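Take this structure, written in structure tokens, and hold onto it; I'll ask about it next.
Each value in this text was obtained by applying a stated rule to the coordinates, not by laboratory testing. In this text, all values refer to a predicted model and were calculated from it rather than measured experimentally. Cβ atoms come from the backbone with ideal geometry, glycine included; neighbour counts cover every protein chain shown.
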Amino acid sequence: MHQEKPKENFMVEPNFTRIAYQTLQQGKSIAGLAHKQLSTKLLELFAPEAMPKTQPIPNELFKELRLSISKLEKSDWKDAEEGIYPVSQLFDAPWLEWAARYPLVWLDLPSTWLRRRNKRTRDIPTRIDSEIYPKYYLQNFHHQTDGYLSDYSAGLYDLQVEILFNGTADSMRRRILAPLKRGLKRFKERPEASLRVLDVATGTGRTLKQIRSALPKVELLGIDLSSAYLRKASHYINNSKGDLAQLIRANAEDMPFTNESMQAITCVFLLHELPGFARQNVLEDCFRVLEPGGTIVLADSIQIADSPKFKSILEDFHKTFHEPYYSDYINDDINSRLTKCGFKSVKAESHFMTRVWTATKPDK
Ligand SMILES: C[S@@+](CC[C@H](N)C(=O)[O-])C[C@H]1O[C@@H](n2cnc3c(N)ncnc32)[C@H](O)[C@@H]1O
């Protein structure tokens, strides 16, 4: 006989999960801050000449940052609770692998300091065939050892980003999922499995994995210039359930896809690493590849115009990390760039350090 579940059990489970999520985020935030404080102390001690000349963050600004993180986590929880993605997504990370790699993050620091001190920004593996990459790409973005061009770099990247953002990187990436799902409703009369979603500059595939959990049936594609990062993405995505995601090494400025072949495109944390002309080329090519009615969802750093209160933090970011195009990016007008390509209904919203733009390619 069917027995009804006692009501209080229903209440306990979500509250417990929410507390677990908040505790995890707090733990990540404390770990990220402690890591950064200790590594700054070590830098001061062992390589003071490499110390970036940044401004101290006043208390008021710290409060603003904390408030902004708390809003981000509320949105993250709300979207999960509303079923935009499963609650399990909030806890998803290769925890054991990260724990095993964490000592490497420390061991890698001295070479990062040396590179910063000696202003070596094009210190990339000599074995790579530099002909096949755009010149702007062959650099040590954020002083990353080997740039984006080795398995070693790909193995550390996710953990380093998580530390950089005090454990909020994945929550910020997930902000693309609600607008992506809304955009795909335009094709609701078609079977979900026939819809193609392309993640541009997919890197190690964190965003693709999140899309897979929110939209398990759609066909997933990811492109990136780094074979090493794509190998990592393949390991994370193609070892789990679901159809294989197609991962292609290509330049996002000139993608190997036919016109109008995708119903949605996402692109996370790429634009700030491109010079202005390449930023425009990427958006133009996304427009070309999207089917009319299709949606593009971009996520990248907030900018000065939408977040003036964080101006000093944004301006200091590229003094701390090698980000050659960041200063240009934070003053760039992405809405105008999208409109210039032909996109319509451009909307944007900010979540902690991330701005999310949504736009559609008009129907014919
Ligand atoms: C900051 S990472 C972001 C990766 C990923 N989307 C994420 O959320 O972590 C930038 C990525 O863009 C890729 N990239 C940079 N320029 C590119 C280009 N012109 N075409 C394709 N990928 C590019 C890099 O290889 C790297 O994986």
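What's the Kirkwood radius of segment 171-360 in Å, using all Cα pairs? Let's see the in-between values first.
Details: mean 1/r = 0.0597 Å⁻¹.
After inverting the pairwise mean of 1/r, the radius is 16.7 Å.
A follow-up question, please. What ranking do Thr23, Thr358 get, fewest neighbouring Cβ atoms within 10 angstrom at the top?
On the way: Thr23 10, Thr358 21.
So the ranking, lowest neighbour count to highest, is Thr23, Thr358.
To the nearest Å, what is the center-to-center distance of segment 115-179 and segment 278-311, using C-alpha atoms only?
20 Å
Here's another thing I want to ask about it. Give the whole-number value, in cubic angstrom per residue, of the convex hull volume spanned by the C-alpha atoms of segment 65-220. The partial results should precede the final answer.
Working: hull volume 24.1 nm³, N = 156.
Taking only Cα atoms, segment 65-220 has a hull volume of 155 Å³ per residue.
What do you get for trypsin sites (Lys or Arg not before Pro) in segment 71-166 restricted to DSSP loop and a cutoff of at most 16 other Cβ within 10 Å of the site's Cβ? Could you put the intermediate results ahead of the total?
Numbers: sites: Lys71, Lys74, Lys78, Arg101, Arg115, Arg116, Arg117, Lys119, Arg120, Arg122, Arg127, Lys135; in loops: Lys119, Arg120, Arg122, Arg127.
Passing both the DSSP loop test and the Cβ count: Lys119, Arg120, Arg122, Arg127.
Hey, got a sec? Which trypsin sites (Lys or Arg not before Pro) in segment 202-244 land in a DSSP loop and have at most 15 other Cβ atoms within 10 Å?
Lys217, Lys241
While we're on this one: Show me the chymotrypsin sites (Phe, Trp or Tyr not before Pro) within segment 130-213 that DSSP assigns to loop and that have at most 12 other Cβ atoms within 10 Å of their Cβ.
Details: sites: Tyr136, Tyr137, Phe141, Tyr148, Tyr152, Tyr157, Phe165, Phe187; in loops: Tyr148, Phe165.
Within segment 130-213, no chymotrypsin sites (Phe, Trp or Tyr not before Pro) qualify (loop, at most 12 other Cβ atoms within 10 Å).
Only Cα pairs under 8 Å and at least 6 apart count here; give the relative contact order of the chain as a rounded whole percent.
Details: 548 pairs, mean separation 59.2, N = 364.
The value is 16 percent.
Could you give the length gained on full extension between Glu131 and Ile19, defined as 0.36 nm per residue of separation minus the Cα-Cα distance, in nm?
Net length gain for the segment: 35.2 nm.
Please report the relative contact order for segment 305-364, taking Cα pairs under 8 Å with a sequence separation of at least 6, and give it as a percent rounded to a whole number. Kindly include the intermediate steps, with their values, before the conclusion.
Details: 41 pairs, mean separation 13.2, N = 60.
The normalised contact order for segment 305-364 reaches 22 percent.
Just Gly222, Gly294, Gly32 to compare: in a GNM of the chain, with alpha carbon springs under 10 Å, which one fluctuates most?
Gly32
What residue among Gln139, Ala214, Phe165 has its Cα farthest toward the positive end of the dipole of segment 126-252, where the charges are +1 on Lys, Arg and -1 on Asp, Glu, each on the Cβ?
Ala214
Going by amide H atoms built from the backbone, whose H comes under 5 Å of the H on Gly222, apart from near neighbours?
Amide H to amide H, under 5 Å and 5 or more residues apart or across chains, Gly222 pairs with Asp199, Gln246, Leu247, Ile248.
Using helices alone, what [θ] at 222 nm do you get for the chain, with -39,500 (n - 2.57) per DSSP H run of 4 or more residues, divided over all residues and rounded to the nearest 500? Please report the intermediate quantities before stating the final value.
Numbers: 12 runs with 169 residues, N = 364.
Result for the chain: -15000 deg cm²/dmol, rounded to the nearest 500.
Check which residues have an amide H placed less than 5 Å from His351's amide H, if you skip close sequence neighbours.
The list, which skips near neighbours in sequence, is Val356.
A further question follows. Using the beta-carbon distance between Lys185 and Glu260 and R0 = 25 Å, what value does 1/(1 + (r/R0)^6) give for FRET efficiency, to the nearest 0.05? Before the final figure, lay out each step's value.
Working: r = 19 Å, r/R0 = 0.74.
Using R0 = 25 Å, I get an efficiency of 0.85.
Starting from the 7 Å offset along Cα-to-Cβ, what nm value, one decimal, do you get for the label separation of Arg120 and Val346?
Using points 7 Å along Cα→Cβ, the separation is 4.1 nm.
Calculate the all-directions average of the projected area of the chain's alpha-carbon convex hull, and give it in nm². Present the calculation step by step, with values, prior to reporting the outcome.
Numbers: hull surface 82.4 nm².
For the chain, the mean projected area of the Cα convex hull comes to 20.6 nm².
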